[in-house]
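Trainee: Sharing a structure with you now.
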Amino acid sequence: MQVYLVGGAVRDGLLGQTVKERDWVVVGGTREELLRLKYREVGRDFPVFLHPDTHEEYALARLERKVGPGYRGFAVEFGPGVTLEEDLARRDLTINAIAQSPDGTLIDPHGGQRDLEARLLRHVSPAFVEDPVRVLRVARFAARFAPLGFQVAPETLELMRTMVERREVDSLVPERVWQETEKALREPKASEFFSVLRACGALQPVYPEIDALFGVPQPAQWHPEIDTGVHTLMVLDQAALLSGEPQVRFAALMHDLGKAATPRAQWPSHPGHEERSVALLEALAERLRLPGDYRDLAIIVARYHGIVHRAFDLKSKTILEFMERADAFRRPERFAQALLACEADSRGRSGLEHQPYPQRQFLLAARDAAAAIKPSAEEIAAHTGIRIAQLLHQRRLHAISEIRS
C-alpha cells in the first residue's frame, strides 16, 4: 500500500501559498486494510476514510466511467489494481493532477507544473466534458487564481463552450450551482467566476438574471461604464475590497437585476427597477434554494440602495421609516452589511472607484443614535404600548435630526 499527497495541497505548496487542508490517495490498498488500521470510513459514493490521528481524508485510487447524463452519471471503480496515474487522469485540471510521494518526489503525468508556471487552467483530458460541474469549478478556480495571473486555457474554454452547446450544464442541480457560487464569492476575484461563465456561454443557463444585464444601457451621467452587466461586476469587485463576507458580495451582485426587465422604451433610465429586482431575486432564491441570510440581505439592498444613496437629501422621517423597514434596530449587523453593499454600488463605476461614500457612516451614526433611545421605567409604567411607540418614534426622529445638524 502506497500513499501520496494529491490535489490542492500539492498545487498550493508549489505556488508558495498556505496549504489549508491535505488530501491523500491510497494506491494498492483495500477498504479492509484501512479499517484494520483504524481509519474511519466516511465516503458515500466511493471509499473515503479519515486518518485515526490527523483526521485528514484518504481515498482509495479510483477510476470513473461515464454511464449516464449529468454529474452523477458515473460508475466508480476502485481497488488495489488502480494505478496512481489512472487516478490522476480522472481529475479536472492539470494543476490539480499532481501527486507527491512521501520522499517529496512529484508525479506529474499531465504537465501540471508547466501550467502552474504558465499560469494556465487547462483540462487533463477530453473526459473533462463528462462532468458539467467542471464548468463551475474552472470558473471558481479562475476567481481564486486571477490575482496571480491565471487564465483559462483557450482549448479548455472552447471545451466548456461545447459542453454548454450540448446542454450538459442544464443537468446541474440547484444545490451544486449554489455550492460552487458560494465558494466563488469567497475568492479574491469573485467577479471572474461570472466572467468565465459568460465567456463560455454558461452564464445564461446558470444565472440568466445576471446574463440579461449585459447590453442594457444606463445614463452616462451616472454610469460612465454604461453597460449594466459591466457595472454589476465592477460592484462585485468593490464589494470584495470592502468586505470578505460572501453575503455582502452576493447582495452587491444582485442589487440591479431589475434593470434587465426595464422596457426598452425607457432606456437608459430605469424607473422602478428596485421592486423588479426584488421580484427577480425572490424567484432566483427559490430556484437555487438560497440560505435565508443571503436572500434577506440581497432583498434589502435591491429595494433600498437608492434611498441609501440619497440619504443626505431625505427627511429624517424617511430615514427612520427606511431603518424600520430594513429592521435596522433588531438586526444592526445586517444593516451594516447592507450599507457596505450600497457603498460598493456607488464605487462600482468607471472612474469613481475611490470616491468617498459618507452616506454609510452617516446612516450608521443615525441608526446608533436612534437605537440608543429607550423608554424610562416610569414611562413604561404610565403609558400603553402604543403611546410608548409614539414617544420612541418622536425621540428617534429628533436624534436623527441632531446627527444631520
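The values are calculated or read from the model by the stated rules, or taken from the named source; none is laboratory data. All values derive from a computational prediction rather than experimental measurement. FYI the Cβ positions are ideal-geometry reconstructions off the backbone, even for glycines, and counts take in every protein chain you see.
Trainee: Could you check the stretch 259-278 and list, in sequence order, the residues that are assigned to a helix (DSSP H, G or I) and either farther than 22 Å from residue 335 by Cα or touching a residue at least 60 places away in the same chain (Cβ under 8 Å) (or both)?
Mentor: Looking only at the stretch 259-278, we keep the residues that are assigned to a helix (DSSP H, G or I), and these are 259-261, 264-266, 273-278.
Matches in the stretch 259-278: 259, 260, 261, 264, 265, 266.
Trainee: Turning to a different aspect of this structure: When both residues are 6+ apart or on different chains and their Cβ atoms are under 8 Å apart, which pairs have a first residue that lies in the stretch 229-242 and is more than 12 Å from residue 254 (Cβ to Cβ), and a second that is crowded, with 24+ Cβ neighbours inside 10 Å and charged (D, E, K, R)?
Mentor: Within 8 Å, the pairs are 231/256; 238/343; 238/345; 240/249; 242/343.
Trainee: Report whether or not residue 201 is closer than 22 Å to residue 138 by Cα, assigned to a loop (DSSP other than H, G, I, E, B) and assigned by TED's automatic domain parsing to the domain that holds residue 144.
Mentor: Numbers: closer than 22 Å to residue 138 by Cα: yes; assigned to a loop (DSSP other than H, G, I, E, B): yes; assigned by TED's automatic domain parsing to the domain that holds residue 144: yes.
Yes; evaluated as a whole, the condition is true for this residue.
Trainee: Within the stretch 1-48, how many residues are touching a strand residue (DSSP E or B) at 6+ places or on another chain (Cβ under 7 Å) and among the polar types (S, T, N, Q)?
Mentor: Number of matching residues: 1.
Trainee: What do you reckon, is residue 340 in a loop (DSSP other than H, G, I, E, B) and either of a type in the set (Val, Ile, Thr) or within 17 Å of the chain's Cα centre (by Cα) (or both)? Please lay out each step first, then the result.
Mentor: Working: in a loop (DSSP other than H, G, I, E, B): no; either of a type in the set (Val, Ile, Thr) or within 17 Å of the chain's Cα centre (by Cα) (or both): yes.
So residue 340 fails the test.
Trainee: In this structure, is residue 250 closer than 23 Å to residue 193 by Cβ, assigned by TED's automatic domain parsing to the domain that holds residue 370 and outside any helix (DSSP H, G or I)? Break it down stepwise before answering.
Mentor: Numbers: closer than 23 Å to residue 193 by Cβ: yes; assigned by TED's automatic domain parsing to the domain that holds residue 370: yes; outside any helix (DSSP H, G or I): no.
No.
Trainee: Further, regarding this structure: Name the residue, out of 175, 182, that is in a helix (DSSP H, G or I), in contact with a Lys or Arg (Cβ under 7 Å, 6 or more places away or on another chain), charged (D, E, K, R) and not assigned by TED's automatic domain parsing to the domain that holds residue 99.
Mentor: 175
Trainee: Tally time: how many residues in the stretch 343-365 are farther than 18 Å from residue 403 by Cβ, without any contact (Cβ under 8 Å) to a residue 60 or more places away in the chain and buried (at least 18 other Cβ atoms within 10 Å of the Cβ)?
Mentor: Of the residues in the stretch 343-365, 1 are farther than 18 Å from residue 403 by Cβ, without any contact (Cβ under 8 Å) to a residue 60 or more places away in the chain and buried (at least 18 other Cβ atoms within 10 Å of the Cβ).
Trainee: Can you list residue pairs whose Cβ atoms sit under 6 Å apart, with the first residue in the stretch 187-213 being crowded, with 21+ Cβ neighbours inside 10 Å and the second being of a type in the set (Lys, Arg)? Count only pairs 6 or more apart in sequence or on different chains.
Mentor: Sorted first by the residue in the stretch 187-213, then by its partner, the pairs are 187/144; 190/249; 193/140; 200/161.
Trainee: For residue 333, state whether it is surrounded by fewer than 17 Cβ atoms within 10 Å (Cβ to Cβ), touching an Asp or Glu at 6+ places or on another chain (Cβ under 9 Å) and modelled with pLDDT of 90 or more. Give the derivation first.
Mentor: Values: surrounded by fewer than 17 Cβ atoms within 10 Å (Cβ to Cβ): yes; touching an Asp or Glu at 6+ places or on another chain (Cβ under 9 Å): no; modelled with pLDDT of 90 or more: yes.
Spelling it out, it is not the case that residue 333 is surrounded by fewer than 17 Cβ atoms within 10 Å (Cβ to Cβ), touching an Asp or Glu at 6+ places or on another chain (Cβ under 9 Å) and modelled with pLDDT of 90 or more.
Trainee: Would you mind listing the strands (runs of 3 or more DSSP E) fully within the stretch 1-55 where at least 1 residues are modelled with pLDDT of 95 or more and touching a Ser or Thr at 6+ places or on another chain (Cβ under 8 Å)? Working first, answer last.
Mentor: Numbers: elements: 2-6, 23-27, 48-50.
In the stretch 1-55, the matching strands (runs of 3 or more DSSP E) lie at 2-6, 23-27.
Trainee: Can you list residue pairs whose Cβ atoms sit under 9 Å apart, with the first residue in the stretch 378-405 being more than 20 Å from residue 366 (Cα to Cα) and the second being among the polar types (S, T, N, Q)? Count only pairs 6 or more apart in sequence or on different chains.
Mentor: Once the first residue is more than 20 Å from residue 366 (Cα to Cα) and sits in the stretch 378-405, its partners that are among the polar types (S, T, N, Q) give 383/390.
Trainee: Can you find even one residue in the stretch 287-310 that is in contact with an Asp or Glu (Cβ under 7 Å, 6 or more places away or on another chain), under 18 Å from residue 227 (Cα atoms) and assigned to a loop (DSSP other than H, G, I, E, B)?
Mentor: no
Trainee: Of the residues that make up the stretch 233-241, is at least one outside any loop (DSSP other than H, G, I, E, B) and closer than 18 Å to residue 269 by Cβ?
Mentor: In the first step, residues of the stretch 233-241 are kept if they are outside any loop (DSSP other than H, G, I, E, B); the result is 233-241.
Next cut, closer than 18 Å to residue 269 by Cβ only: none.
No, the stretch 233-241 contains no residue that is outside any loop (DSSP other than H, G, I, E, B) and closer than 18 Å to residue 269 by Cβ.
Trainee: Could I ask something else about it? Does any residue of the stretch 365-380 turn out to be under 30 Å from residue 220 (Cβ atoms), at pLDDT 95 or above and assigned by TED's automatic domain parsing to the domain that holds residue 296?
Mentor: Initial filter on the stretch 365-380 (under 30 Å from residue 220 (Cβ atoms)): none.
The answer is no; no qualifying residue exists.
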